[in-house]
Amino acid sequence: MKKTILHVDINSYFATILQQENPFLRGKPLGVIKDVGRTCLIATSKEAKEKGIGTGVGKSDALTICPDITLIPAAFNRYLDTTKRMQKVFRNISPSVNIYSLDEAFIDVTHCRKNLYPNVLELGEMIQDSIKRELGSWVTSNVGVADSRFMAKMASETAPKGEVFEVTAENRDLILATTEFKDVCGVGFALARKLKLLGVTVPYQIRFIPEEDLSSLFGPFWTKELLKVAYGEETHLLSQLDRKVEHMKSVGRSITGYRLYRDQTEITNILKNLCIEIVSKVRKMNLAGRQVRLGLYGQNKYWSTHITLKNPINHLNDLIHWINILYQRWEDKFPVIKFAVRLSLLREDFQQELLPSWQKHEAIQKAMDLVNNKFGIFTLHPAAVPPKNELIYPEVTGFLGDKIYQLGEET
Ligand SMILES: [Mg+2]
């Protein structure tokens, strides 16, 4: 059965939500930075994009191009809230929804198209209206319609802002022959560069490379993938969305500091701070993990190590204990700019309740959970963490790598 998939993508999401909340920012060039003191723009409004200021542009470059640009720190919790509201809009249309990132989703209407939505272009406009009703009148979106997630995403990526665009048998090849690889899902920068060396800049051209040449240049996996790309079929990356994952396999947290850290107490305090967030998330999902990983990044240096334990852990004292053990392996002591902690090999069936020491720690941890769930994550914490104004709070990533945790998504 031929599928009908819609890809919905909010235009300039982070900036648009800020403009929706504050009418004084509407119609003006706006840059979103991750935090005060950061030097790179993580998102820009359509007015800034019109001046050539896109995502990733440095703060000083942005100010040179456009001295009156407004720069505002990102509000990750608000974005997550709007994503959840969007999710509700989509679930009202079809039960089959994949949230792909904070501002993107695929809606499969294959089975309800005939009776409920005979006109998909009207459906696309209806979704755009519903998003405006739910999130505000300033919020515009693109909707791509096609027979695969791959083509639907390409359609919304290439359509003019605020439009609904359907891929049909007539325009399909034209789209594949005019879309640059930067707008093709799953073709990364390195792959695109390699293809460019062959003179290939759009998917359609791949059809004319002999398969044995593709194979010797890209290997068997990418040959198969590139042929799917050439004909607009669902690629491996997107078909992964159908894979059922019952729970998260690992929870990690990394943070890049504003400066280099040399003081060993400061470094270990930051690591404890990250442990608190990880344990909080892991416990909210009723999981426990058996592998602890620590990574430290200097300016040109990187060091990491890990340990695999016999029994899974999900108590803060245990995670801090193992991070301390791993930390003692670090001999180089270079100044650190980025910190990363991860608890993996997570599982649901951990039964250590019989151990008296486990019971004691579980009682303490439960009491901490109770207070922190009610009054905020850092209400009760170990004595040694960074000072209050430097605490690192949980934040949401744009690509929603932790969406099972954030949205309760099963896939
Ligand atoms: Mg978007």
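Summary of values
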{"item": "Enumeration of residues in the range 63-84 that are touching a Gly at 6+ places or on another chain (Cβ under 8 Å) and closer than 18 Å to Thr16 by Cα", "result": "Ile69, Thr70, Leu71, Ile72"}
{"item": "Selection within the range 26-74 - of a type in the set (D, E, K, R) and under 20 Å from Pro160 (Cα atoms)", "result": "Arg26, Lys28, Lys46, Glu47, Lys49, Glu50, Lys51"}
{"item": "Residue check, Glu166 in contact (Cβ under 8 Å) with a residue 24 or more places away in the chain and within 16 Å of the ligand (Cβ to nearest atom)", "result": "no"}
{"item": "Scope the range 203-220; condition within 22 Å of Arg172 (Cβ to Cβ) and surrounded by fewer than 17 Cβ atoms within 10 Å (Cβ to Cβ); matching residues", "result": "Gln205, Arg207, Phe208, Glu211"}
{"item": "Answer residue from the range 1-14, given it is touching a Gly at 6+ places or on another chain (Cβ under 9 Å) and within 10 Å of the ligand (Cβ to nearest atom) and is nearest to Val145 (Cα to Cα) among those", "result": "Val8"}
{"item": "Residues satisfying the stated conditions in the range 384-411, i.e. over 11 Å from the mean Cα position of the chain (by Cα), within 20 Å of Ser96 (Cα to Cα) and either modelled with pLDDT of 80 or more or in a loop (DSSP other than H, G, I, E, B) (or both)", "result": "Gly408, Glu409, Glu410, Thr411"}
{"item": "Any hit, the range 252-263, residues being modelled with pLDDT of 90 or more and not in a strand (DSSP E or B)", "result": "yes"}
{"item": "Filtered residues of the range 275-307 (kept if touching a Lys or Arg at 6+ places or on another chain (Cβ under 6 Å), at pLDDT 95 or above and either within 23 Å of Glu348 (Cβ to Cβ) or outside the structural domain of Tyr393 (by TED's automatic domain parsing) (or both))", "result": "Arg293, His306"}
{"item": "Search result, residues across the range 103-149 that are of a type in the set (Phe, Trp, Tyr) and more than 21 Å from Ile175 (Cα to Cα)", "result": "Tyr117, Trp138"}
{"item": "Qualifying residue in the range 23-44 (condition: more than 16 Å from the ligand (Cβ to nearest atom), of a type in the set (Lys, Arg) and more than 23 Å from the chain's Cα centre (by Cα))", "result": "yes"}
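The values are calculated or read from the model by the stated rules, or taken from the named source; none is laboratory data. These numbers come from a predicted model, not from an experiment. With ideal geometry, Cβ positions are generated from the backbone for all residues, glycine too; neighbour counts draw on all protein chains shown.
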